[in-house]
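What follows is one structure encoded as structure tokens, with my remarks underneath.
Values in this text are rule-based calculations from the coordinates and carry no lab data. Remember, predicted model here, so these are calculated numbers, not experimental data. Every residue, glycine among them, receives a Cβ derived from its backbone with ideal geometry; neighbour counts consider all protein chains shown.
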Amino acid sequence: MDAIWNILAVALVASVVNCDVFTTQQIQDLDDFIQNAMSCRHVPGLTLGVVKGNQSWTKGYGFADRENNRKVDANTLFGIGSITKFFTTTLLSILIDESNKKYTWDTKLSDILGKDFKLNTNLRTTETTIKDILCHRTGLQSGDMGIFAGYPSNFTRARMTGLLQYLDEIRPFRDGFQYNNWMYALAGHLVEVISGNSWLEELQTRILDPVEMTETRVLSTNIPVTDEKMAKPYVMIGEEVVPSASRIYNIHPEQPAGAIASSANDMVKWIQMILNKGNVTDNVIANWDTLETAFKPHTSVPLEGWNKPIYPISHVQSGYGFGWFISNHNGYRLMWHTGGLFGYTANLWVFPDLDIGIFSNVNGPGLTVGGARIFEVIFSYIFDMLMDQPPWLNETTACTFPMPWHPENYPKSSTLNVTNEPVENTKQYTGIYGHRLFGEVHITAQESTLFIKAGLMNGVLNTTNVPDSFKMQIVGDYEFFSNQNNVTTLLPVTFFNKTNDKFQDVLFILAADKGVFKRGVVWGEGEKGEDSDNSTSTLSSSSLLHIGLNFIIYYCINQ
């Protein structure tokens, strides 16, 4: 059955805005290349937009809903994930410009938000600027565990600002790049405070309406993921590509960090606005003197690129601006950003000195190695075509990339030291553990097995050869995180601080990040002083949206 849908997935629906971007033969070559890449990388549906000068070209490939044989076209909406971030940056740029120098990129957040704003130290609370949060140099963990579990609809971004003090430090303030989705949620709140309107209202009136992005929406805010205009998202479980659970696509209150849903036809308009330096025809959307700062590297990003002579081309990373990674691709300045929201992944490349932009979005199979790679191969192929250069990729290497130049860095199974023995005295572990920003974790038992539940996230705790240490296998809506490409990924969970035969704390470890939920700690309550214990934080920048973005960045660039 999987082979059948792979064959069907190469079906395409074209919606061509202007044919001057490519010749007829180039379009045929591109179709063949993309269909081949989609098939070998198990991509159900893909949308594509290309801008060259004042011309644009868009097309849809494969299925928006393969179960109902609904095809992708250039108006089909996909979640663009973190490509949303530059929309939020642009809103702030507009408001800064209109403030008549009351605000600048260097304005301190405490001067805007007042006493309601707190971070984990007095230094960060008093000194953090708009620039700091947009270029990811606060040094704080991303801490998306709460989004993973889900927040109530009445949890506002205003309420959020006082709870960000419970994000832990990963590195010293302004010491380097530390990706953080909460900081862009905070940027969205700045938009609301400065303008007096909601982030959604400002997005609609300041950007979407004047740029004529008529189909663009915000997921779970003014369009559900199940809407017929949306491409249905798919994820990989084992080796099978299956529909994703719809309820996990509500990332409230982090919409300003990654919740926009857009189409190829709308995104080429966005690219043209960028290439035209903030203008759409005679309409100035954003003053370029202010917005241009976003396209300069403000934070160094320690990622390796593609280097000659290993690769036939060069792709060198230089830093991060405001919602943009800044690179040099084969000698040309490139601004780019990925977006990852579970089944949806996206990429946007803009070459400002060449007046070229490329956008694409897929609806599966999620954050797998193959899914992340498809943009690199397609965008590189298109760039060579637009530059009238012979392509360095072909239909074979489109499926093997980064091989034969570099081995693929596949994730490894994390089942080492798992014993799966019956749990003795389950009552010492069971109960409710809390975190002031990320909510509650419920540990329950059925006979001699422990289970974990945090909102929408559910898992089974497998015993290990270390006492009171377990490895969590995610089940349910998020099963694809623990089981894809036949690789089992388990999360370390350790209980400690035992009092009256009950553990008081549970430690989660994900990559280099760690954090603790505690008995008796209630979401949203309490104050944390300068010298208080920071260990009450939980899963940090490797979880949820940041898992998604880091995974894509790592596999797209760090080879």
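List of remarks:
- Along the chain, longest interval not containing exposed GluC sites (Glu not before Pro), exposed being DSSP loop plus at most 10 other Cβ atoms within 10 Å: 1-423
- Taking 0.36 nm per residue of separation and subtracting the Cα-Cα distance, full extension of the segment from Val316 to Ala445 would add 41.4 nm.
- Extension gain for Arg171 to Glu421 (0.36 nm times residue separation, less C-alpha to C-alpha distance): 86.2 nm.
- The amide H of Thr129, built 1.01 Å from its N in the peptide plane, has Leu109 as neighbours under 5 Å, considering only residues 5 or more places off or on other chains.
- Applying the Karplus relation 6.51 cos²θ - 1.76 cosθ + 1.60 with θ = phi - 60° to the range 59-76 yields 3J(HN,Hα) values of 7, x, 10, x, 10, 7, 8, 6, 5, 10, 6, 8, 8, 7, 10, 6, 9, 5 Hz, where x marks Gly and Pro.
- ³J(HN,Hα), Karplus 6.51/-1.76/1.60, whole Hz, each residue of the range 217-223, x for Gly, Pro: 9, 10, 4, 6, 10, 10, 7
- When Rg and the Kirkwood radius Rh are both evaluated on Cα atoms of the chain, their ratio Rg/Rh stands at 0.96.
- Sequence-separation-based contact order of the range 87-195, relative, with Cα cut under 8 Å and 6+ spacing, percent: 36 percent
- Above-threshold pairs, the threshold being 29 Å between Cα atoms, out of Lys118/Lys518; Lys131/Lys453; Lys115/Lys277; Lys118/Lys502; Lys131/Lys269; Lys229/Lys453: Lys131/Lys453; Lys115/Lys277; Lys118/Lys502; Lys229/Lys453
- Computed E for Asp355/Gln25 - FRET, C-beta separation, R0 35 angstrom, nearest 0.05: 0.95
- Charged side chains reduced to their Cβ positions (Lys and Arg at +1, Asp and Glu at -1) give the chain a dipole of some 720 debye around its Cα centre.
- Alpha carbon convex hull of the range 87-195, projected area averaged over orientations, nm²: 6.6 nm²
- Per the Debye formula on identical point scatterers at the alpha carbon atoms of the range 331-371, with no solvent, log10 I(q)/I(0) at q = 0.14, 0.20, 0.23 Å⁻¹ is -0.37, -0.62, -0.72.
- Its relative contact order, with pairs defined as Cα atoms under 8 Å and 6+ residues apart, puts the chain at 18 percent.
- Alpha-carbon centroid distance for the pair the range 333-402 / the range 446-467, whole angstrom: 39 Å
- Summing +1 for each Lys or Arg and -1 for each Asp or Glu among the other residues whose beta-carbon sits under 14 angstrom from that of Leu275 gives +1.
- Backbone phi angles across the range 271-277, fed through the Karplus curve with coefficients 6.51, -1.76 and 1.60 (θ = phi - 60°), yield HN-Hα couplings of 4, 5, 4, 5, 5, 8, 6 Hz in residue order; Gly and Pro are listed as x.
- Extension reserve of the Asp209-Asn409 stretch, reckoned as 0.36 nm per residue once the Cα distance is removed: 67.7 nm
- Here the simple spin-label model places points 7 Å from the Cα toward Cβ, and for Asp384 and Asn500 these points are separated by 6.9 nm.
- Förster-model FRET efficiency, 22 Å R0, Trp288 and Asn54, C-beta, rounded to 0.05: 0.80
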